[in-house]
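For reference, the structure is listed below as structure tokens.
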Amino acid sequence: MNLITISGPPSSGKTAVTIKTAETLMQRGVKVGAVKFDCLYTDDDVLYQRAGIPVKKGLSGSLCPDHYFVSNIEAVLDWGLKENFDLLISESAGLCNRCSPYIKDIKAICVIDNLSGINTPRKIGPMLRMADIVVITKGDIVSQAEREVFASRVNAVNPTAIVMHINGLTGQGAYELSTLLYDEKVHIDSLKGRKLRFSMPSALCSYCLGETRIGESYQMGNVRKINLDEK
């Protein structure tokens with residue numbers, strides 16, 4: 001079974017791109033499954049089901065979705081193997097833009113949209129910089145010049161990634177992406193011992209443990225203070 005991870009900012013078009021790409025793979029006889037990681041709520045699993053794609057969803061609740069992902073991805077892989085999928089897709093939202101849900105030697109895709117602003121690529125951390133493929137969506141809403149400028153900003157942040165433009169509504173470009181995702185020679189049967197491409201966002205402070213009061217006397221653990229003396 002192949003395993004890929006897809007991430008990106010909320011509402012960037014991850015699910016639409018994933019479903020259109022999966023449909024082209026299924027037309028070629030590839031058995032595809034998906035798992036959706038999110039925080040409080042998602043109905044994207046309904047969209048997968050409508051497309052005929054077996055899906056599971058996991059909600060992290062009060063936990064960081066990246067930590068929730070890495071704690072559950074082994075069980076998800078076992079589910080995919082049990083279902084005899086040829087390709088299992090893991091999708092998660094990069095809510096803080098610092099997210100790092102990529103695993104070494106597992107294909108990683110970041111989805112980002114043209115409407116997020118030309119400086120957005122510089123604001124996104126490992127989620128964009130560590131991706132193998134960067135998919136840019138909503139290109140039909142902006143001009144050709146804007147598309148090129150945005151793509152150049154993405155390339156400046158991650159010069160080694162393949163940059164693709166895909167329309168999540170029409171599926172234009174999804175077939176080209178599908179040719180890069182599935183490799184019959186690859187078989188992932190375990191993730192034990194594998195490493196993340198970059199460390200997770202770090203925080204272990206009193207607020208992580210449920211503290212709600214404001215003030216230095218209530219702050220403990222991993223706390224970082226702003227330097228107001230810099231000019």
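Contact list please: Cβ distance under 7 Å, first residue in the range 71-92 and on the phi > 0 side of the Ramachandran plot, second residue of a type outside the set (Phe, Trp, Tyr) and surrounded by 15 or more Cβ atoms within 10 Å (Cβ to Cβ), pairs at least six apart or on different chains.
Pairs that qualify, where the first residue is on the phi > 0 side of the Ramachandran plot and the partner is of a type outside the set (Phe, Trp, Tyr) and surrounded by 15 or more Cβ atoms within 10 Å (Cβ to Cβ), are Asn84/Lys31.
Among the residues of the range 148-156, is there at least one that is touching a Gly at 6+ places or on another chain (Cβ under 7 Å), within 30 Å of Asp105 (Cβ to Cβ), crowded, with 19+ Cβ neighbours inside 10 Å and touching a residue at least 24 places away in the same chain (Cβ under 8 Å)? Lay out the reasoning, then the answer.
Of all residues in the range 148-156, those touching a Gly at 6+ places or on another chain (Cβ under 7 Å) come to none.
Scanning the range 148-156, I find no residue that is touching a Gly at 6+ places or on another chain (Cβ under 7 Å), within 30 Å of Asp105 (Cβ to Cβ), crowded, with 19+ Cβ neighbours inside 10 Å and touching a residue at least 24 places away in the same chain (Cβ under 8 Å), so the answer is no.
Only residues that are crowded, with 20+ Cβ neighbours inside 10 Å and either closer than 18 Å to Cys96 by Cα or among the aliphatic types (A, V, I, L, M) (or both): list them for the range 131-147, please.
Ala131, Val134, Val135, Ile136
Considering only the range 130-143, state which residues are out of contact with any helix residue (DSSP H, G or I) (no Cβ under 6 Å at 6 or more places or on another chain), at pLDDT below 95 and charged (D, E, K, R).
Asp140
Can you find a residue that is in a helix (DSSP H, G or I) and surrounded by 15 or more Cβ atoms within 10 Å (Cβ to Cβ) anywhere in the range 103-110?
First, pick out the residues of the range 103-110 that are in a helix (DSSP H, G or I): none.
No, the range 103-110 contains no residue that is in a helix (DSSP H, G or I) and surrounded by 15 or more Cβ atoms within 10 Å (Cβ to Cβ).
Looking only at the range 3-41, which residues are surrounded by fewer than 22 Cβ atoms within 10 Å (Cβ to Cβ), hydroxyl-bearing (Ser, Thr, Tyr) and either in contact with a helix residue (DSSP H, G or I) (Cβ under 9 Å, 6 or more places away or on another chain) or closer than 20 Å to Lys138 by Cα (or both)?
Once the filter is applied, which keeps residues that are surrounded by fewer than 22 Cβ atoms within 10 Å (Cβ to Cβ), hydroxyl-bearing (Ser, Thr, Tyr) and either in contact with a helix residue (DSSP H, G or I) (Cβ under 9 Å, 6 or more places away or on another chain) or closer than 20 Å to Lys138 by Cα (or both), the range 3-41 yields Ser11, Thr24.
Would you check which residues across the range 108-147 are more than 22 Å from Phe198 (Cβ to Cβ), touching a residue at least 24 places away in the same chain (Cβ under 8 Å) and polar (S, T, N, Q) and list them?
Scanning the range 108-147 gives Asn114, Thr137.
Please report, ordered by residue number, the strands (runs of 3 or more DSSP E) entirely within the range 1-77 with at least 1 residues that are touching a Phe, Trp or Tyr at 6+ places or on another chain (Cβ under 7 Å) and of a type in the set (A, V, I, L, M).
32-38, 55-59
If a residue has to be within 16 Å of the chain's Cα centre (by Cα) and among the aromatic types (Phe, Trp, Tyr) to count, how many in the range 23-47 make the cut?
1
To keep it simple, each residue is scored yes or no on (1) at pLDDT 95 or above; (2) under 24 Å from Ser71 (Cα atoms).
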position: Ile109; (1), (2): yes, yes
position: Thr120; (1), (2): no, no
position: Ile124; (1), (2): no, yes
position: Ala145; (1), (2): no, no
position: Leu169; (1), (2): no, no
position: Lys185; (1), (2): no, no
position: Leu191; (1), (2): no, yes
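Select from the range 42-68 the residues that are farther than 23 Å from Met127 by Cβ and surrounded by 13 or more Cβ atoms within 10 Å (Cβ to Cβ) and list them in ascending order.
Ala51, Ile53, Pro54
Can you tell which of Pro65, Pro126, Pro121, Pro101 is farther than 20 Å from Val30 by Cβ and in contact with an Asp or Glu (Cβ under 6 Å, 6 or more places away or on another chain)?
Pro101
Given the criteria farther than 12 Å from Ile6 by Cβ, surrounded by fewer than 22 Cβ atoms within 10 Å (Cβ to Cβ), polar (S, T, N, Q) and modelled with pLDDT under 85, does Ser71 qualify?
Taking the combined requirement at face value, the residue does not satisfy it.
Could you please let me know if Lys104 is more than 27 Å from Ser202 (Cβ to Cβ) and either over 10 Å from the mean Cα position of the chain (by Cα) or touching a residue at least 60 places away in the same chain (Cβ under 8 Å) (or both)? Write out each step before concluding.
Working: more than 27 Å from Ser202 (Cβ to Cβ): no; either over 10 Å from the mean Cα position of the chain (by Cα) or touching a residue at least 60 places away in the same chain (Cβ under 8 Å) (or both): yes.
No, not satisfied.
The values are calculated or read from the model by the stated rules, or taken from the named source; none is laboratory data. From a predicted model like this one, the values you see are computed outputs, not experimental measurements. We place every Cβ from the backbone using ideal geometry, glycine too, and count neighbours over all the protein chains shown.
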